[in-house]
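Below: one structure, written as structure tokens.
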Amino acid sequence: MSSRGLPRLPAVRDLIKLYGLSAKSQLSQNFILDKNVTDKIAKCANIIPENSVVVEVGPGPGLLTRSLLDLGVRNLVAVEKDRRFVPALEQLAEASGGRLKIIQGDMLKVDHMDILARFGNPTSQDSDTTLHLVGNLPFSVATPLLAQWLGRLWEKSGFFARHQSAMTLMFQKEVADRIVAPVSTSPRGRLSVAAQSLCRARLAYNLPGSSFVPRPKVDAAVVHLTPLDQPLLAVTFAELEHVSRFLFSSRRKTLRRIMRNWDDRGLVCLEESDLDANVRPQDLTTEQFNRLAASIVRSNLVMPP
């Protein structure tokens, strides 16, 4: 069988009926059953099959998985929390000629090295290989997953110990807008600064709620993230998260009013960072935000937990 394309398989709608796979609201499950849509999502990842390994998060009944395999992906590991989907995914794995491996587990808890081991060489540092994280993420865990991966990217651990990586992920539209939000826009906040300190983030594809079964009350969007060659972080990722949580909790206030929490010491941090004290946190560029965070950390200013 060619590495591109799959043999004729039952329709995903038929597999859902066969295995009784109803979506669970407590797991924020919403299926995409139109392969034209999943094909577009797969193409958003800009995967070069010959030089890529792919981890799909939350494949569900496996339609996006099929689209990835149809792209010619040679090494694909799908991590699915809900064991009900495993039989349908195993059928797809068998049809893939060994290109698809399945791990049943919670992506927030699965050891990255266990996933990398499925690719045959978990310690590989092949600079020509890009590891892609792809997924229609359940809305309830999408933000915690992204935060975990950004932290790992900063540490250069797990998946991100490899030289190259990329993430193409589905989020609730409101969350996606926050990730890519430019300076001085209302969606800009902690998630914008965290993501843009480490990655180039762009909105790749918008999906209306009508694309999903069952239809959610919100729309969705695909975000493509590629790590910066030189991250903008001037502190650790944990420190940046702590500072941004504090500053954006007072997003309607100017920096001058926020930094007065520490009397003159806070205003000195603003002066050291060469920032306009009359702007609000969302008006800072990512580089400026990191400069202020570094000054706050150096000054040992105590912030609320």
Residue list for region 67-76, filter: basic (Lys, Arg) and crowded, with 23+ Cβ neighbours inside 10 Å
none
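Does Glu56 satisfy the criteria of being charged (D, E, K, R), surrounded by 19 or more Cβ atoms within 10 Å (Cβ to Cβ) and under 20 Å from Ala166 (Cβ atoms)?
Against the criterion (charged (D, E, K, R), surrounded by 19 or more Cβ atoms within 10 Å (Cβ to Cβ) and under 20 Å from Ala166 (Cβ atoms)), Glu56 qualifies.
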Set Ala293, Ala238: member being in contact (Cβ under 8 Å) with a residue 12 or more places away in the chain, crowded, with 19+ Cβ neighbours inside 10 Å and on the phi < 0 side of the Ramachandran plot
Ala293
From the set of residues in region 154-170 that are in contact with a strand residue (DSSP E or B) (Cβ under 6 Å, 6 or more places away or on another chain) and of a type outside the set (S, T, N, Q), which is nearest to Asp219 (Cα to Cα)?
Met170
Options Leu116, Leu169; residue that is buried (at least 20 other Cβ atoms within 10 Å of the Cβ), hydrophobic (A, V, I, L, M, F, W, C) and farther than 30 Å from Gln282 by Cβ
Leu116
Taking region 72-87 and keeping residues more than 21 Å from the chain's Cα centre (by Cα) and in contact (Cβ under 8 Å) with a residue 40 or more places away in the chain leaves Gly72, Arg74, Arg84, Phe85, Pro87
In the list Ser273, Ser250, which residue meets the criterion of being surrounded by 14 or more Cβ atoms within 10 Å (Cβ to Cβ) and in contact (Cβ under 8 Å) with a residue 24 or more places away in the chain?
Ser250
Under 22 Å from the mean Cα position of the chain (by Cα), within 29 Å of Leu145 (Cβ to Cβ) and either assigned to a strand (DSSP E or B) or among the basic types (Lys, Arg) (or both): which single residue out of Val222, Val235, Val218 fits that description?
Val222
Reported set for region 231-286 where residues are at pLDDT below 95 and among the aromatic types (Phe, Trp, Tyr) is Phe246, Trp262
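To keep it simple, each residue is scored yes or no on (1) crowded, with 21+ Cβ neighbours inside 10 Å; (2) modelled with pLDDT of 95 or more; (3) assigned to a strand (DSSP E or B).
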position: Asn121; (1), (2), (3): no, no, no
position: Ser124; (1), (2), (3): no, no, no
position: Val134; (1), (2), (3): yes, yes, yes
position: Ser197; (1), (2), (3): yes, yes, no
position: Leu203; (1), (2), (3): no, yes, yes
Within region 78-101, identify whether any single residue is under 19 Å from Ile48 (Cβ atoms), assigned to a loop (DSSP other than H, G, I, E, B) and in the same structural domain as Phe212 (by TED's automatic domain parsing), and answer yes or no.
yes
With the condition kept exactly as written, say whether any residue in region 276-290 is outside the structural domain of Phe171 (by TED's automatic domain parsing), among the hydrophobic types (A, V, I, L, M, F, W, C) and not in a loop (DSSP other than H, G, I, E, B).
yes
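The values are calculated or read from the model by the stated rules, or taken from the named source; none is laboratory data. Computed from a predicted structure; not experimentally measured. All Cβ positions, glycine included, derive from the backbone under ideal geometry; neighbour counts span all protein chains shown.
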